[in-house]
1. Can we say B:Arg113 is within 14 Å of chain A (Cβ to nearest Cβ), touching a Gly at 6+ places or on another chain (Cβ under 8 Å) and among the basic types (Lys, Arg)?
2. From the list B:Glu214, B:Glu222, which residue is more than 24 Å from B:Gly342 (Cβ to Cβ), surrounded by fewer than 17 Cβ atoms within 10 Å (Cβ to Cβ) and not hydroxyl-bearing (Ser, Thr, Tyr)?
3. Can you name the residue in segment A:117-155 that is within 18 Å of the chain's Cα centre (by Cα) and in a helix (DSSP H, G or I) and, of all such residues, is farthest from the other protein chains (Cβ to nearest Cβ)?
4. From the list B:Gly123, B:Gly136, pick out the single residue that is at negative phi and free of Cβ contacts under 8 Å to residues at least 40 places away in the same chain.
5. Would you point out the residue of segment B:211-261, among those that are among the β-branched types (Val, Ile, Thr) and farther than 25 Å from B:Asp169 by Cβ, that is nearest to the chain's Cα centre (by Cα)?
6. Every residue in segment A:91-116 that is surrounded by fewer than 24 Cβ atoms within 10 Å (Cβ to Cβ) and in a helix (DSSP H, G or I), please.
7. Would you confirm whether any residue within segment A:163-177 is under 23 Å from B:Arg124 (Cβ atoms) and in contact with a Pro (Cβ under 6 Å, 6 or more places away or on another chain)?
8. Among (1) more than 10 Å from chain B (Cβ to nearest Cβ); (2) within 14 Å of DNA strand C (Cβ to nearest atom); (3) buried (at least 18 other Cβ atoms within 10 Å of the Cβ), which single condition is A:Asn57 missing?
There are 2 protein chains.
Amino acid sequence: MSGATGASKKPTVKEVALRAGVSPMTVSRTLAGGANVSPEAQEKVRAAVRELGYHRNENARSLRPGQSSGLIGVAITNLGNPYYGNFALGVEEVVTETGRRIILGNTGGESARERQLVADLKGRQVEGLILVPAGGPTEHLMPERLGDMPLVLASRRIYGLDVDVVLLDDVGGAYRGTRALLDAGHTRIGYLGNVGSAFTGGRRFEGFERALTERGVELDPELIVREQQDAASASAGEATKRLLDHDLPPTAIFTANNRNSVGALREIGRRLRAGARAADMPEIVSFDDFELAELMPVPVTIVDHDARQLGREAARLLLSRLDGGDRAQDPPRVVEMPVRVGRAVHV
Amino acid sequence: MSGATGASKKPTVKEVALRAGVSPMTVSRTLAGGANVSPEAQEKVRAAVRELGYHRNENARSLRPGQSSGLIGVAITNLGNPYYGNFALGVEEVVTETGRRIILGNTGGESARERQLVADLKGRQVEGLILVPAGGPTEHLMPERLGDMPLVLASRRIYGLDVDVVLLDDVGGAYRGTRALLDAGHTRIGYLGNVGSAFTGGRRFEGFERALTERGVELDPELIVREQQDAASASAGEATKRLLDHDLPPTAIFTANNRNSVGALREIGRRLRAGARAADMPEIVSFDDFELAELMPVPVTIVDHDARQLGREAARLLLSRLDGGDRAQDPPRVVEMPVRVGRAVHV
DNA sequence: ATGAGCTATGGTAACGTTACCACCTGGATC
DNA sequence: GATCCAGGTGGTAACGTTACCATAGCTCAT
């Protein structure tokens, strides 16, 4: 019970001023950096702040004209997915350098939640918004709805919405991953993709298809399964079951994302435990890294990319709209982040 | 170019009122639910809101006495760790039901950042705070600093700080996991833990130790390595190397968390690729689940727990302080979440 | 016909902050 | 000795919102 100076309510500038024996303005000036405030006054103010446990009310502050909230809204589709967690981390890393903070929301990939979240973030006066689009209706993202709040899209693009975007090299990564399989002599190659995420999925399939076509390998529609639900690896397991039960099963599978990779490998594991030989199981090329890939019972090639880097880049795009001066008015930019293709061997 | 009704600045209640031909109060009332507002007036207001793209300024709103910000602060140590991501997801899930939103910050496990984050969240008038303590100094969490803002700690406890806490059954989980190894006949069991997270680490080691002592198995200090850095699995690999190079290497290793499990398994993988026999490699008991554990080349037992559930429970504790009526004044509660121990076989 | 009890509406003030201006002091300049 | 500047300080108003009170119109029972 130290101090016991009184009420547990939040103190205000006025109370600090009273205690320090100065005016609220002097308190405000001191907290804003102390320009044109005498050292003695500053010391008195700081003492009063300490004694009262005063914190400036940032909401009231951002209410004044010309003051910004210092908040960047970040909306991702799945907080539980480490990929998006790292993405948010990259954003945070960069915006923190400018003294801003992120306010993070989870859309669960649902357009309705996204709409609600965007409205709320706008209501909280965020300076800008970084969004991994959920898919579905996008009216709430149109310029006339957002006003002058800058928006940066990540991972997916929205056609008809001309804003800054950070993407992966989906096409190139899928192409090179598939090429690796072709180079190894595979000709019956399965494809596992998602029903949602039309944009990303489409691009990855495009790269896959291009590699096959280029080598004159025909696409067998029965080896292409793109029905998987977004968040669940279970449906990828079902799809893998179907592929492996085919009369002429694939000798390799391209999995268009982490969830499909995990689902496919689980099914392979199931069969190995049931007595199947590893040599009869397909090799995997996974778009997206996953941990311990090098310990898998079948060879795994990874199309790897850095979510954090993606987040950093998205943040940089947004900040250049906010603080960039001249560059703030540049036409929308599209940044495509590179991917690495390699056998899964972590050092 | 639809509408083109004018300025891209943010409209206010006054402008909406003007356009709807009513007073600001009628607008406010309509937006607050529409009690005591005629249907015609409501319709006019809603039309004006749509046309102007109006969003209520939540900051100004929370400025009024009696109004709360609707924000819950959540501070976690590592956003990139799916465990904490899922934790945040659980918190969000529950607080969303009460119309609140989370504002999420990342401490990186650094006390200084934690202090700054807490100050900022307080400045933004969060109604309450859910925190995974970073370790280190904790003055900024003491009641005299937080005022009447409720705090819930997760995963770790802070001695001398008497607030609601949600913990895992660390001791029991480690005990049962170790028992499983002893039951399988192991007597030389290694232990990998972290240098940070003294609280959690201590509890898990306690369970480990208790199981050994109970069976009269002596602890070999050379098999206990607790120096690993928190976020990196690389140092766990180094530690594993040391254990396996021992004259009398352990036949099993208890890894006190996910990062150590992954590090240990990577080292095992390295040796297998170098020609070691799987039968000579140790079996693993991992506190914390990780994906594809069932595909590992050595047997893996998991002490599993649900981060999301932990987050939900933390949120419930906090909400009962905020909305709980009588229960809001209950003495601090400690909730210990159960863990499951089992061989790694996903269906 | 009167007034009590509604509902619908608007005016005013206040929340905590800071921009703007006005005011003081003291020392330097003419 | 009068004038100027610069640094230090405080008063006032405004940001966007809503609680409170006042008022106007209405219905219904007396």
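1. For B:Arg113, the condition - within 14 Å of chain A (Cβ to nearest Cβ), touching a Gly at 6+ places or on another chain (Cβ under 8 Å) and among the basic types (Lys, Arg) - is not met.
2. Unique residue meeting the criteria: B:Glu222.
3. The qualifying residue farthest from the other protein chains (Cβ to nearest Cβ) is A:Leu141.
4. Criteria check complete, one pass: B:Gly123.
5. B:Thr240
6. If the condition is that a residue be surrounded by fewer than 24 Cβ atoms within 10 Å (Cβ to Cβ) and in a helix (DSSP H, G or I), then A:Glu93, A:Val94, A:Thr96, A:Ser111, A:Ala112, A:Arg113, A:Arg115, A:Gln116 are the ones that fit.
7. No, that holds for no residue.
8. With (1) more than 10 Å from chain B (Cβ to nearest Cβ); (2) within 14 Å of DNA strand C (Cβ to nearest atom); (3) buried (at least 18 other Cβ atoms within 10 Å of the Cβ) applied to A:Asn57, the lone miss is (1).
The values are calculated or read from the model by the stated rules, or taken from the named source; none is laboratory data. This is a predicted model, so every value here is computed, not measured. FYI the Cβ positions are ideal-geometry reconstructions off the backbone, even for glycines, and counts take in every protein chain you see.
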